Amino acid sequence: MKKVKARNDDGYIDQYLRPTSWQEYIGQEKIKKNLGLILTAAKKRKETIDHLLLYGPTGLGKTTLATLIAKEMEANLRITTGPSLQRAGELASVLSSLEERDILFIDEAHRLNRAIEEIIYPAMESRQLHLVVGKGLGSRMVSLDLPAFTLIAATTRPNLLSNPLRSRFGAVFQFEYYASEEIKKIIGRSADLLKIKIKPEAVSVIANASRFTPRIANRLLKRCRDFVEVNNLKEINEKVAFETLKFLEIDELGLESYERRLLELIIKKFNNRPVGINALAAVLGEEKGTIEEIYEPYLLKIGLLQRTPQGRMVTEKAYKHLNLKHLNPKQCI
C-alpha cells in the first residue's frame, strides 16, 4: 500500500491515485487481456511492440494504460499532445530525441494536422524522418534514421483521424465506460490510499454520479473529502455525498448544469421537435465540437437524448428526470 505524502494539491493527488501495476488497474478487462498477449509476445522476441491506437471518452484510463505499458516493457515514456505538435520542427525535435525502445505517447491525436501526419507515416513504417531543408529551388530532402520506437496515440474522436494514419497502427483498442461495481472498487481503493473513512452508501452515491468514469469518481471523492475536513466530520456518509453533489450543482445521475440546460432548451424552446446541431450551438453560444464532445456523449449513453435523422430530441426518461411535463406527449421518443 502506498503512503500518503504531505503534498496535497489536486494534480499531485491525481497522479498518486493512478494505478502503478496491472493488478491495480481496475476495469477494461478485454483490453488488458489483448494487450497482455501483445506485450508478452514482444518481450519473448525482444522487440518493440506494435504502434497502438487507444480511443474512447476522456477519463477512462488511456494515459494510465500507456504508462503501465511502458513500465511493463521497461521503456522510457515520452508524452506529448496533438495541439503541441503543429509544426514540422516540433515533431522533428520530439522524434529525433527518441532512444531505442522508447514509447512516444501522443494524446489528443485527432488534433494533429495533415502536414504533421505526413511526417509521422514514414516514422511509423520505416523509422525514417524526412524533412525539407531550405526554401524554393534551394530546398532539399533530408532523411534521418530513427531508433526502434512505439507510438501510442490516444483520442476521443477516432473519426477525425485520417484513414492513412489509422491503418498504420498494429492494434486499435476502444475504451468502454466502466460498470458501476468497477467504479465502486476504484472509489474504495482511492479512499484507502487517501486514508478516508467512507460508508458503503456514500460510495454508491458517488458511483452513481461518476458518469461511469474513474477520473470523475476520484474528483467527486476529493470534493467529499474537502467537505468532511471543512466541517470537521469523521467520515463520508450518504448525507455528505449528497450535500457535496448539491454544492457542485451535480445531480444524482451526474448531470451538470450545462447538460440540464441543453435538455431543458430542447424541451422548452424547441418544444422537443428535432433540432440540428447548428441551431443548438447558436442558442447555447457554444462551438459544435463542444456540444458533440462534451455535452452529448453522456446524455446519449444514459438515454436522456437521442439523435434522429432530423436532429436531437429528448426522451421520456429526460422528462421524468427533470420533473417536467410534456408540452406535446406525441413528440417524445
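The values are calculated or read from the model by the stated rules, or taken from the named source; none is laboratory data. On a predicted model such as this, the values are computed, not experimentally measured, just so you know. Every residue, glycine among them, receives a Cβ derived from its backbone with ideal geometry; neighbour counts consider all protein chains shown. The area values use the complete protein model at the heavy-atom level, side chains included, leaving out ligands, DNA and RNA. Shrake-Rupley method; radii C 1.70, N 1.55, O 1.52, S 1.80 Å.
At-a-glance table
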read-out: Count of the stretch 238-269 residues which are in contact with a helix residue (DSSP H, G or I) (Cβ under 9 Å, 6 or more places away or on another chain) and either in a helix (DSSP H, G or I) or crowded, with 20+ Cβ neighbours inside 10 Å (or both); value: 22
read-out: Residue satisfying all of: in the stretch 25-46; charged (D, E, K, R) and surrounded by 13 or more Cβ atoms within 10 Å (Cβ to Cβ); nearest to GLU292 (Cα to Cα) among these; value: LYS32
read-out: Single match in ARG312, ARG307 (criterion: assigned to a strand (DSSP E or B) and crowded, with 16+ Cβ neighbours inside 10 Å); value: ARG312
read-out: First in the stretch 217-234 and open to solvent by 20 Å² or more (accessible area, probe 1.4 Å), second anywhere and outside any helix (DSSP H, G or I), Cβ under 8 Å, 6 or more apart; value: ARG223/LEU248; ARG225/LEU194; ARG225/ILE196; ARG225/ILE236; PHE227/LEU233; PHE227/ILE236; LYS234/LYS197
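Residues checked against (1) over 11 Å from ILE152 (Cβ atoms); (2) without any contact (Cβ under 8 Å) to a residue 40 or more places away in the chain; (3) surrounded by fewer than 18 Cβ atoms within 10 Å (Cβ to Cβ):
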position	(1), (2), (3)
LEU65	no, no, no
ILE69	no, no, no
LEU77	no, yes, no
PRO83	yes, yes, yes
ALA88	yes, no, yes
LEU95	yes, no, no
GLU99	yes, no, yes
ASP107	no, no, no
ASN113	yes, yes, yes
